[in-house]
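Written below as structure tokens is the structure these notes are about.
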């Protein structure tokens, strides 16, 4: 049988990085490092340069993923890019990335699932590889989120940052269902009844923070349980949690639910803030680049975002 294996990971962050105090001073915000960090765990975020596009960042992350996989762009059959901040309504940002990488074959398209976008894109790419629609795929999360923030709303503008992450998936033959390697499963959910608690309205992000937090822990816990049950696994089997990087309190709650010590939970929210669909692949790149996540490790990924959308994925590296 065919399974999707994560052959390489990559990430990109814009050069400009602002601390909480620098952000407050530049945008004349009535806030402080203490107020932001105590409530969210965020201390810094990166901001795209003028003229730096979502596609620019996505392509940079893809180049690293290809390099770390020892792959050439000519190997790529598909680019599936998750973003809430596309460069245009059309053409898709994925096709812009395809052009920047010099890829002339295959197909590319965007997915819109807000902060859950990377999990959605991973699920779609995995399904395509398993069914033979493609043999390799770049799965990308890329966001220029600071361009859709209301800088007069301190409840949202301090939370987000820009960046991109990517993985290269390769089709790999395995002996059977019991063979424990690659993407084991993905689990995707949405409930449009709660769409108005986190949305873009009038071109700017609007969020009911307490409502989002209330839904986050319960829905993420349910998706995590679903993923483990589907694979006959227990919480103790998970070596690493790579969560969506929205809020340190939510991340801590999920780590405790799994019984994982803090050093087994990949956290970048303090340095990156919430990079929406880019947050999980950026965290994966961070933890594989420094050697924390290695061959044979079982990794659980989970996210929740506007829609509401949420989901989880299990992968053996």
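Taking residue 239 as the residue in question, decide whether it is touching a residue at least 12 places away in the same chain (Cβ under 8 Å) and over 30 Å from residue 149 (Cβ atoms). Spelling it out, residue 239 is indeed touching a residue at least 12 places away in the same chain (Cβ under 8 Å) and over 30 Å from residue 149 (Cβ atoms). Of the residues 282, 228, the single one that is farther than 30 Å from residue 47 by Cβ, in contact with a strand residue (DSSP E or B) (Cβ under 9 Å, 6 or more places away or on another chain) and either in the same structural domain as residue 121 (by TED's automatic domain parsing) or part of a helix (DSSP H, G or I) (or both) is 228.
This table checks each residue for (1) within 20 Å of residue 183 (Cα to Cα); (2) modelled with pLDDT of 95 or more.
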| residue | (1), (2) |
| --- | --- |
| 1 | yes, no |
| 13 | no, yes |
| 18 | no, yes |
| 22 | no, yes |
| 49 | no, yes |
| 70 | yes, yes |
| 76 | yes, yes |
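Enumerate the pairs (first residue in segment 127-139 and within 20 Å of residue 97 (Cα to Cα); second residue anywhere and part of a loop (DSSP other than H, G, I, E, B)) with beta-carbon separation below 6 Å, excluding pairs fewer than 6 apart on the same chain, so at least 6 apart or on different chains. Listed by first residue and then by second, the contacts come to 128/134; 134/77; 135/77; 136/76; 136/77; 138/76. Based on what the data block shows, is residue 307 touching a residue at least 60 places away in the same chain (Cβ under 8 Å), touching a helix residue (DSSP H, G or I) at 6+ places or on another chain (Cβ under 9 Å), more than 21 Å from residue 41 (Cβ to Cβ) and not assigned by TED's automatic domain parsing to the domain that holds residue 125? Yes; evaluated as a whole, the condition is true for this residue.
Report yes if some residue within segment 66-80 is farther than 25 Å from residue 169 by Cβ and more than 20 Å from the chain's Cα centre (by Cα); otherwise report no. Scanning segment 66-80, I find no residue that is farther than 25 Å from residue 169 by Cβ and more than 20 Å from the chain's Cα centre (by Cα), so the answer is no. Among the residues making up segment 250-285, a single one is without any contact (Cβ under 8 Å) to a residue 24 or more places away in the chain and surrounded by 21 or more Cβ atoms within 10 Å (Cβ to Cβ): 268. Checked against the criterion of being outside any helix (DSSP H, G or I), closer than 15 Å to residue 167 by Cα and at pLDDT 95 or above, segment 94-102 has at least one qualifying residue. Screening segment 7-16 for residues that are touching a helix residue (DSSP H, G or I) at 6+ places or on another chain (Cβ under 8 Å) and surrounded by fewer than 23 Cβ atoms within 10 Å (Cβ to Cβ) and picking the one that is farthest from residue 77 (Cα to Cα) gives 14. Total residues in segment 178-212 satisfying the condition of being part of a helix (DSSP H, G or I), farther than 30 Å from residue 231 by Cβ and touching a helix residue (DSSP H, G or I) at 6+ places or on another chain (Cβ under 8 Å): the figure is 3. Somewhere in segment 82-91, is a residue assigned to a helix (DSSP H, G or I), crowded, with 16+ Cβ neighbours inside 10 Å, touching a strand residue (DSSP E or B) at 6+ places or on another chain (Cβ under 9 Å) and outside the structural domain of residue 293 (by TED's automatic domain parsing)? No, every residue in segment 82-91 fails to be assigned to a helix (DSSP H, G or I), crowded, with 16+ Cβ neighbours inside 10 Å, touching a strand residue (DSSP E or B) at 6+ places or on another chain (Cβ under 9 Å) and outside the structural domain of residue 293 (by TED's automatic domain parsing).
The values are calculated or read from the model by the stated rules, or taken from the named source; none is laboratory data. Given the structure is predicted, the values throughout are model-derived calculations rather than measurements. Glycine gets a Cβ as well: all are built from the backbone with ideal geometry, and neighbour counts include every protein chain shown.
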